[in-house]
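The values are calculated or read from the model by the stated rules, or taken from the named source; none is laboratory data. Values in this document were obtained by computation on a predicted structure and should not be read as measured data. Every residue, glycine among them, receives a Cβ derived from its backbone with ideal geometry; neighbour counts consider all protein chains shown. To get the accessible areas, we keep the full protein, side chains included, count just its heavy atoms, and leave off ligands, DNA and RNA. Shrake-Rupley method; radii C 1.70, N 1.55, O 1.52, S 1.80 Å.
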Amino acid sequence: MARAGNARRKNDDEIPLAMRISPRIRAQSRFFIFILVLIIFLVSISFVFFLGAPFWDSKLDISGKGGGLSSGTGQLLGHLSYSEAAEADLVTVYPGLRVHRDTSSALSLMSSAALRDGVDLVLLSGFRSIALQKEIFYENKSIRNQIAIERARVSAPPGYSEHSTGYAIDLGDANRRDTDFEVSFETTKAFRWLQKNAAKYHFVLSFPKGNFQKVSYEPWHWRFEGTVDALRKFEVANERRRVKENSN
Ligand code: DAL
Ligand code: ZN
(Lines give C-alpha, C1' and ligand atoms only; values in the text may rest on other atoms or scores of the structure.)
(Ligands and ions follow the chains in the order given, each with its own letter.)
Protein backbone atom coordinates (compact mmCIF):
# COMPACT_ATOMS: atom_id res chain seq x y z
CA MET A 1 0.00 0.00 0.00
CA ALA A 2 2.70 2.34 1.02
CA ARG A 3 4.60 1.46 -2.08
CA ALA A 4 1.63 2.00 -4.24
CA GLY A 5 1.03 5.32 -2.52
CA ASN A 6 4.59 6.24 -2.97
CA ALA A 7 4.43 5.08 -6.54
CA ARG A 8 1.31 7.18 -7.18
CA ARG A 9 2.91 10.23 -5.56
CA LYS A 10 6.00 9.63 -7.57
CA ASN A 11 3.99 9.30 -10.76
CA ASP A 12 2.09 12.45 -9.85
CA ASP A 13 5.33 14.23 -9.25
CA GLU A 14 6.54 13.06 -12.58
CA ILE A 15 3.57 14.53 -14.48
CA PRO A 16 4.52 18.06 -15.61
CA LEU A 17 2.60 20.73 -13.70
CA ALA A 18 0.89 22.08 -16.83
CA MET A 19 -0.42 18.64 -17.74
CA ARG A 20 -1.58 17.92 -14.20
CA ILE A 21 -3.76 21.04 -13.95
CA SER A 22 -4.97 21.37 -17.58
CA PRO A 23 -7.82 18.81 -17.41
CA ARG A 24 -9.25 20.66 -14.39
CA ILE A 25 -8.85 24.00 -16.14
CA ARG A 26 -10.45 22.62 -19.27
CA ALA A 27 -13.45 21.38 -17.25
CA GLN A 28 -13.73 24.71 -15.46
CA SER A 29 -13.41 26.59 -18.76
CA ARG A 30 -16.13 24.50 -20.35
CA PHE A 31 -18.40 25.18 -17.37
CA PHE A 32 -17.55 28.90 -17.49
CA ILE A 33 -18.24 29.08 -21.25
CA PHE A 34 -21.51 27.23 -20.76
CA ILE A 35 -22.62 29.72 -18.06
CA LEU A 36 -21.52 32.67 -20.25
CA VAL A 37 -23.45 31.38 -23.26
CA LEU A 38 -26.48 30.80 -21.03
CA ILE A 39 -26.30 34.36 -19.67
CA ILE A 40 -25.89 35.84 -23.18
CA PHE A 41 -28.84 33.77 -24.36
CA LEU A 42 -31.06 34.87 -21.47
CA VAL A 43 -30.06 38.53 -21.83
CA SER A 44 -30.75 38.42 -25.60
CA ILE A 45 -34.18 36.91 -25.03
CA SER A 46 -34.97 39.61 -22.47
CA PHE A 47 -33.88 42.35 -24.89
CA VAL A 48 -35.93 40.97 -27.73
CA PHE A 49 -38.94 40.67 -25.47
CA PHE A 50 -38.82 44.02 -23.68
CA LEU A 51 -37.20 46.25 -26.27
CA GLY A 52 -39.13 44.62 -29.09
CA ALA A 53 -42.50 45.37 -27.49
CA PRO A 54 -42.76 48.95 -28.84
CA PHE A 55 -41.99 47.69 -32.34
CA TRP A 56 -44.69 45.05 -32.11
CA ASP A 57 -47.03 47.72 -30.83
CA SER A 58 -46.24 49.81 -33.89
CA LYS A 59 -48.42 47.37 -35.80
CA LEU A 60 -51.17 49.41 -34.18
CA ASP A 61 -50.06 52.46 -36.16
CA ILE A 62 -53.13 54.22 -37.31
CA SER A 63 -51.52 57.43 -38.48
CA GLY A 64 -51.41 56.32 -42.09
CA LYS A 65 -48.02 57.98 -42.31
CA GLY A 66 -45.95 55.31 -40.66
CA GLY A 67 -45.71 57.35 -37.46
CA GLY A 68 -45.74 55.62 -34.10
CA LEU A 69 -48.39 55.76 -31.48
CA SER A 70 -48.49 58.30 -28.72
CA SER A 71 -48.66 55.63 -26.09
CA GLY A 72 -47.69 52.00 -25.77
CA THR A 73 -51.17 50.75 -26.38
CA GLY A 74 -52.32 53.50 -28.74
CA GLN A 75 -55.31 54.14 -26.51
CA LEU A 76 -56.08 56.92 -24.03
CA LEU A 77 -59.27 57.06 -21.98
CA GLY A 78 -60.85 54.79 -24.58
CA HIS A 79 -59.82 56.94 -27.57
CA LEU A 80 -57.38 55.81 -30.23
CA SER A 81 -54.32 57.75 -31.35
CA TYR A 82 -54.64 59.82 -34.57
CA SER A 83 -52.13 62.07 -36.27
CA GLU A 84 -53.08 65.41 -37.77
CA ALA A 85 -54.00 65.67 -41.46
CA ALA A 86 -51.42 67.36 -43.69
CA GLU A 87 -52.34 70.97 -44.51
CA ALA A 88 -52.05 70.14 -48.22
CA ASP A 89 -54.82 67.52 -47.90
CA LEU A 90 -57.32 69.90 -46.32
CA VAL A 91 -59.92 71.86 -48.26
CA THR A 92 -62.31 74.55 -47.06
CA VAL A 93 -65.97 73.58 -47.27
CA TYR A 94 -67.30 76.67 -45.48
CA PRO A 95 -65.28 79.53 -44.02
CA GLY A 96 -63.55 78.14 -40.96
CA LEU A 97 -64.65 74.59 -41.76
CA ARG A 98 -62.15 72.29 -43.42
CA VAL A 99 -62.07 68.54 -44.11
CA HIS A 100 -59.78 66.17 -45.99
CA ARG A 101 -60.26 66.60 -49.72
CA ASP A 102 -61.50 62.99 -50.07
CA THR A 103 -64.05 63.57 -47.31
CA SER A 104 -65.16 66.73 -49.09
CA SER A 105 -65.80 64.98 -52.42
CA ALA A 106 -67.76 62.16 -50.79
CA LEU A 107 -69.70 64.59 -48.58
CA SER A 108 -70.64 66.67 -51.59
CA LEU A 109 -72.02 63.60 -53.42
CA MET A 110 -73.85 62.43 -50.29
CA SER A 111 -75.37 65.85 -49.55
CA SER A 112 -76.65 66.17 -53.13
CA ALA A 113 -78.22 62.70 -52.95
CA ALA A 114 -79.80 63.57 -49.58
CA LEU A 115 -81.21 66.81 -51.00
CA ARG A 116 -82.80 64.88 -53.86
CA ASP A 117 -84.56 62.85 -51.16
CA GLY A 118 -85.68 66.01 -49.36
CA VAL A 119 -83.02 65.85 -46.62
CA ASP A 120 -80.86 68.90 -45.95
CA LEU A 121 -77.62 67.88 -44.23
CA VAL A 122 -75.63 70.53 -42.37
CA LEU A 123 -71.91 70.20 -41.77
CA LEU A 124 -71.40 71.20 -38.14
CA SER A 125 -67.75 70.31 -37.67
CA GLY A 126 -64.88 68.82 -39.63
CA PHE A 127 -61.10 68.95 -39.25
CA ARG A 128 -59.80 69.98 -35.85
CA SER A 129 -56.12 70.58 -35.27
CA ILE A 130 -54.56 68.85 -32.29
CA ALA A 131 -54.09 72.34 -30.78
CA LEU A 132 -57.83 73.05 -31.09
CA GLN A 133 -58.66 69.64 -29.67
CA LYS A 134 -56.43 70.49 -26.73
CA GLU A 135 -58.45 73.66 -26.07
CA ILE A 136 -61.72 71.78 -26.36
CA PHE A 137 -60.61 68.97 -24.11
CA TYR A 138 -58.83 70.93 -21.40
CA GLU A 139 -60.67 74.25 -21.36
CA ASN A 140 -64.18 72.82 -21.63
CA LYS A 141 -63.27 70.24 -19.07
CA SER A 142 -62.26 72.97 -16.64
CA ILE A 143 -65.38 75.04 -17.36
CA ARG A 144 -67.58 72.03 -16.83
CA ASN A 145 -65.73 70.96 -13.71
CA GLN A 146 -65.25 67.50 -15.17
CA ILE A 147 -62.36 65.14 -14.63
CA ALA A 148 -60.64 63.74 -17.71
CA ILE A 149 -62.44 60.40 -17.61
CA GLU A 150 -65.85 62.14 -17.66
CA ARG A 151 -64.82 64.55 -20.41
CA ALA A 152 -63.47 61.72 -22.52
CA ARG A 153 -66.94 60.26 -22.87
CA VAL A 154 -67.91 63.21 -25.10
CA SER A 155 -64.58 64.61 -26.30
CA ALA A 156 -61.29 63.03 -27.28
CA PRO A 157 -57.99 64.12 -25.72
CA PRO A 158 -55.64 66.02 -28.12
CA GLY A 159 -53.96 63.57 -30.50
CA TYR A 160 -56.82 61.10 -30.07
CA SER A 161 -59.65 62.63 -32.06
CA GLU A 162 -60.86 61.31 -35.40
CA HIS A 163 -61.48 64.96 -36.28
CA SER A 164 -57.74 65.58 -36.50
CA THR A 165 -57.54 63.22 -39.47
CA GLY A 166 -59.85 65.38 -41.60
CA TYR A 167 -61.99 62.29 -42.21
CA ALA A 168 -64.51 62.84 -39.39
CA ILE A 169 -67.54 65.08 -39.71
CA ASP A 170 -70.41 66.09 -37.45
CA LEU A 171 -73.71 66.39 -39.28
CA GLY A 172 -76.98 68.08 -38.46
CA ASP A 173 -80.43 68.41 -40.01
CA ALA A 174 -81.09 71.90 -41.47
CA ASN A 175 -84.72 71.57 -40.44
CA ARG A 176 -83.99 70.43 -36.88
CA ARG A 177 -81.18 72.61 -35.58
CA ASP A 178 -82.40 71.99 -32.06
CA THR A 179 -80.91 68.51 -32.39
CA ASP A 180 -77.37 69.67 -33.28
CA PHE A 181 -74.89 67.61 -31.27
CA GLU A 182 -77.75 66.02 -29.36
CA VAL A 183 -78.74 62.38 -29.10
CA SER A 184 -82.16 63.52 -30.32
CA PHE A 185 -80.53 63.91 -33.75
CA GLU A 186 -81.37 60.23 -34.12
CA THR A 187 -85.05 61.18 -34.38
CA THR A 188 -84.46 63.39 -37.44
CA LYS A 189 -85.15 62.63 -41.07
CA ALA A 190 -81.46 63.35 -41.73
CA PHE A 191 -80.27 60.64 -39.35
CA ARG A 192 -82.69 58.07 -40.71
CA TRP A 193 -81.50 58.93 -44.23
CA LEU A 194 -77.85 58.57 -43.15
CA GLN A 195 -78.50 55.21 -41.52
CA LYS A 196 -79.93 53.98 -44.78
CA ASN A 197 -77.54 55.63 -47.23
CA ALA A 198 -74.25 56.80 -45.66
CA ALA A 199 -72.43 53.54 -46.35
CA LYS A 200 -72.90 54.11 -50.11
CA TYR A 201 -70.65 57.15 -49.71
CA HIS A 202 -68.28 55.31 -47.32
CA PHE A 203 -69.36 57.14 -44.19
CA VAL A 204 -69.54 55.12 -40.98
CA LEU A 205 -71.05 56.03 -37.61
CA SER A 206 -67.99 56.15 -35.35
CA PHE A 207 -69.63 55.98 -31.95
CA PRO A 208 -72.78 53.89 -32.07
CA LYS A 209 -74.59 52.89 -28.88
CA GLY A 210 -72.43 50.59 -26.74
CA ASN A 211 -69.27 51.22 -28.79
CA PHE A 212 -66.12 49.40 -27.70
CA GLN A 213 -64.44 52.71 -26.83
CA LYS A 214 -67.13 53.51 -24.27
CA VAL A 215 -67.56 56.95 -25.85
CA SER A 216 -71.08 58.37 -25.52
CA TYR A 217 -73.44 57.62 -28.38
CA GLU A 218 -72.91 60.28 -31.09
CA PRO A 219 -75.46 59.89 -33.90
CA TRP A 220 -74.07 63.06 -35.54
CA HIS A 221 -70.41 61.91 -35.84
CA TRP A 222 -69.50 60.07 -39.05
CA ARG A 223 -66.14 59.16 -40.49
CA PHE A 224 -65.12 58.67 -44.09
CA GLU A 225 -63.48 55.35 -44.97
CA GLY A 226 -63.59 55.50 -48.76
CA THR A 227 -59.85 55.37 -49.49
CA VAL A 228 -57.02 53.08 -48.46
CA ASP A 229 -55.41 55.98 -46.57
CA ALA A 230 -58.59 56.60 -44.63
CA LEU A 231 -59.04 52.89 -43.94
CA ARG A 232 -55.49 52.67 -42.67
CA LYS A 233 -56.22 55.43 -40.18
CA PHE A 234 -59.16 53.51 -38.84
CA GLU A 235 -57.72 50.02 -39.06
CA VAL A 236 -57.35 49.60 -35.30
CA ALA A 237 -60.81 51.03 -34.65
CA ASN A 238 -62.34 48.64 -37.18
CA GLU A 239 -60.34 45.67 -35.91
CA ARG A 240 -61.44 46.26 -32.32
CA ARG A 241 -65.02 46.78 -33.44
CA ARG A 242 -64.90 43.44 -35.28
CA VAL A 243 -63.51 41.71 -32.19
CA LYS A 244 -66.28 43.19 -30.03
CA GLU A 245 -69.00 42.29 -32.51
CA ASN A 246 -67.70 38.72 -32.80
CA SER A 247 -67.67 38.36 -29.02
CA ASN A 248 -71.33 39.49 -28.70
N1 DAL B 1 -66.50 63.86 -29.97
C2 DAL B 1 -65.49 62.96 -30.40
C3 DAL B 1 -65.38 61.79 -29.48
C4 DAL B 1 -64.14 63.65 -30.53
O5 DAL B 1 -63.91 64.58 -29.76
O6 DAL B 1 -63.35 63.24 -31.34
ZN1 ZN C 1 -67.47 64.60 -34.02
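Key figures
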quantity: Some residue of segment 189-202 being under 25 Å from the mean Cα position of the chain (by Cα) and within 12 Å of ligand 2 (Cβ to nearest atom); calculated: no
quantity: GLU235 over 18 Å from MET110 (Cβ atoms) and either within 14 Å of ligand 2 (Cβ to nearest atom) or within 15 Å of the chain's Cα centre (by Cα) (or both); calculated: yes
quantity: Enumeration of residues in segment 219-248 that are touching a residue at least 60 places away in the same chain (Cβ under 8 Å) and acidic (Asp, Glu); calculated: ASP229, GLU235
quantity: Contacts under 6 angstrom Cβ, first residue in segment 151-175 being outside any strand (DSSP E or B) and within 7 Å of ligand 1 (Cβ to nearest atom), partner open to solvent by less than 10 Å² (accessible area, probe 1.4 Å) and of a type in the set (D, E, K, R), 6 or more apart; calculated: GLU162/ARG223
quantity: Hits in segment 190-203 - residues which are open to solvent by less than 10 Å² (accessible area, probe 1.4 Å) and either outside any strand (DSSP E or B) or within 13 Å of ligand 1 (Cβ to nearest atom) (or both); calculated: ALA190, PHE191, LEU194, ALA198
quantity: Residue pairs meeting the criteria (Cβ under 8 Å; at least 6 apart or on separate chains; first outside any helix (DSSP H, G or I), in segment 137-149; second aromatic (Phe, Trp, Tyr)); calculated: none
quantity: Answer from SER112, SER142, SER129 - the residue that is in the same structural domain as LYS209 (by TED's automatic domain parsing), open to solvent by 80 Å² or more (accessible area, probe 1.4 Å) and not β-branched (Val, Ile, Thr); calculated: SER142
quantity: Selected residue [modelled with pLDDT of 95 or more, more than 28 Å from ARG240 (Cα to Cα) and within 16 Å of ligand 2 (Cβ to nearest atom)] from ASP173, ASP178; calculated: ASP173
quantity: Which listed residue is open to solvent by 10 Å² or more (accessible area, probe 1.4 Å) and free of Cβ contacts under 8 Å to residues at least 60 places away in the same chain, from SER104, SER206; calculated: SER104
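Table: residues versus (1) of a type in the set (Phe, Trp, Tyr); (2) within 20 Å of VAL215 (Cβ to Cβ); (3) away from ligand 2 (no atom under 15 Å from the Cβ).
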{"site": "TYR82", "(1), (2), (3)": "yes, yes, no"}
{"site": "ALA86", "(1), (2), (3)": "no, no, yes"}
{"site": "ASP89", "(1), (2), (3)": "no, no, yes"}
{"site": "PRO95", "(1), (2), (3)": "no, no, yes"}
{"site": "VAL99", "(1), (2), (3)": "no, no, no"}
{"site": "ARG116", "(1), (2), (3)": "no, no, yes"}
{"site": "LEU124", "(1), (2), (3)": "no, yes, no"}
{"site": "PHE127", "(1), (2), (3)": "yes, yes, no"}
{"site": "GLN133", "(1), (2), (3)": "no, yes, no"}
